[in-house]
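One structure below.
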Amino acid sequence: MKMKELLTSRLGRKIFVSHLIIIGVGVIVLMLTVRLQAPYALNQHIREMEHLIGENEFLRQNLMNSFQSALTEVILIAASGALLAALIVSSFVAWRIVSPIRSMIRTVVQIADGDYRQRAHFVWDDELGELAKNFNRMAEELHSTETRRIELIGNVAHELRTPLASIRSLTEGMIDGVLPADFSTYSAVQTELTRLQRLVGDLENLSQAESGQIKLNLQEFNLNDLVEQVALRLKPQFSEKQIDLETELSEPVLRVQADWERMQQVIINLLGNALQYTPSKGKVRIYTESKDEMIVCGVEDNGIGLSDSDIGRIFERFYRVDKSRSRAGGGSGIGLTIAHHIIKAHGGSLRVESPGLQRGSRFYFTLPPNS
Ligand code: ADP
């Protein structure tokens, strides 16, 4: 920060002037004290001298005047030195205070203009440095929120494009007479509409989940009842793909205080994924148990498995390992994100393990028991 910039800064000027005022007041007090006190002290001294050498009015006056003018001269020299020192010290202090604030103001303006990469610079670890550090943390958060927002809009547009393009080509085909306006074409349109409807529902759930507004309709029930019911409902789809679905309930009753519908949504998502990502003739096992004072429910398959890097990102919204394969099955990569939030809202956690690609995976969640 340059001297000119420092002087044009209002805060810098204030610090500067306040130092000058302090020095000015100091000099005035010093002058007044010397003026009032010095003649009295000198008079005492002269009187002692006269006692020895006899009275001499001329000498007394002369001595008094020279002493006073010498004193004033010394004080003025000292005041100029103090003023110069104050100038140097106050510009340093003003620079130390004003430069991080100026840097922050510049950054705030740039961020307000939409440039989220800007950061405030700080040199010292004092309160202003702390302020700049926290400000940078806030800027970091804003940046990642903005990136996520842009990403979300891009993802949503991308997800909508595929079913909309299909509906358009199907209807255009019918209008042009290329496709027959019969049951198969209409049902293809309906499939795409269902996919759109599901996506909109998922997005609604996602926005609720991510803003922490999942409404839970809590009730007490046996988690095993829910697991058995969902497994029974999905059994035909497993049979159709020739996948063996095994249910293993280690204890007859595992009481939880949870939202039946939401938990059903989670289990359907886990079983649905296991069904989708396990090849024909594979094996899927759904189990419940009580472990480390928590209730555990897991879905294990011997399907396509997951790599370590996939495991790290699997609960991110719109994350799909194999995008084309998942989309072909109607997946949008939102299901696990919602499931993760639902379980978190219940005070539990959703986790995943996999020994590696093509070696199956295990998704499991924990819930606090209802004691
Ligand atoms: P989708 O609707 O795409 O299945 P999910 O959020 O449920 O969305 O899953 C995200 C991604 O996680 C899937 O696209 C898939 O790549 C991967 N995945 C989920 N379950 C399994 C599983 N049992 N085995 C292998 N990969 C899985």
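The values are calculated or read from the model by the stated rules, or taken from the named source; none is laboratory data. Computed from a prediction, not measured in an experiment: that's the story for all the values here. Please note: Cβ atoms are built from the backbone with ideal geometry, for glycine as well, and neighbour counts cover all protein chains shown. To get the accessible areas, we keep the full protein, side chains included, count just its heavy atoms, and leave off ligands, DNA and RNA. Shrake-Rupley method; radii C 1.70, N 1.55, O 1.52, S 1.80 Å.
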With R₀ set to 22 angstrom, the calculated FRET efficiency between the beta-carbons of LYS133 and ARG10, to the nearest 0.05, is 0.35
Excluding residues fewer than 8 places away in the same chain, name every one of the aspartates and glutamates whose C-alpha is closer than 13 Å to that of LYS133.
ASP125, GLU141
With helices defined as uninterrupted DSSP H runs, which ones in the chain have an alpha carbon span along their own long axis of at least 18 Å and mean Kyte-Doolittle hydropathy of at least 0.0?
10-53, 57-112, 260-276
Per residue, in Å², the accessible surface of region 21-144 once ligands and nucleic acids are set aside, probe 1.4 Å
71 Å²
Where only C-alpha atoms are counted, convex hull volume of region 226-272 per residue in Å³
73 Å³
Leaving ligands, DNA and RNA out of it, rank MET64, MET49 by accessible area with a 1.4 Å probe, largest first.
MET49, MET64
Working note, region 190-258: Cα radius of gyration (Å, one decimal) and Dmax (Å, whole number) are 16.5, 43
Relative contact order, percent, of region 3-115 when contacts are C-alpha pairs under 8 Å separated by at least 6 residues?
54 percent
Zone of SER250 (label point 7 Å along Cα→Cβ, backbone N under 18 Å): which residues in region 270-303?
285-301
Any idea what Rg and Dmax come out to for region 116-168 if you just take the C-alpha atoms, in Å?
19.1, 62
Which peptide among 138-148, 160-170 comes first, and what is the full order, when sorted by highest mean count of other Cβ atoms within 10 Å?
160-170, 138-148
Determine, at each q value in 0.21 (inverse angstroms), the log₁₀ of I(q)/I(0) that the Debye formula gives when each Cα of region 3-115 is one equal point scatterer.
-1.06
Filtering trypsin sites (Lys or Arg not before Pro) in region 74-146 by DSSP loop and by at most 15 other Cβ atoms within 10 Å leaves ARG117
Cα-based equivalent ellipsoid, region 218-367: semi-axes from gyration tensor eigenvalues, Å:
23, 18, 14
Per q in 0.12, 0.13 Å⁻¹, report the Debye log10 I(q)/I(0) for the chain, using one uniform scatterer on each alpha carbon and no solvent.
-1.01, -1.10
Would you check region 218-367 for Lys pairs whose C-alpha atoms are within less than 19 Å, ignoring same-chain pairs closer than 8 in sequence, and give me the count?
5
Hey, what did region 218-367 get for relative contact order, percent, Cα under 8 Å, at least 6 apart?
23 percent
Quickly estimate the mean residue ellipticity at 222 nm for the chain, helices only: each DSSP H run with n ≥ 4 gives -39500 (n - 2.57), and the total goes over all residues, rounded to 500.
-23000 deg cm²/dmol
Enter the accessible area of TYR319 (Å², nearest 10), with the probe set to 1.4 Å and all protein chains included.
40 Å²
Whole-percent carbon and sulfur share, accessible surface of the chain, 1.4 Å
58 percent
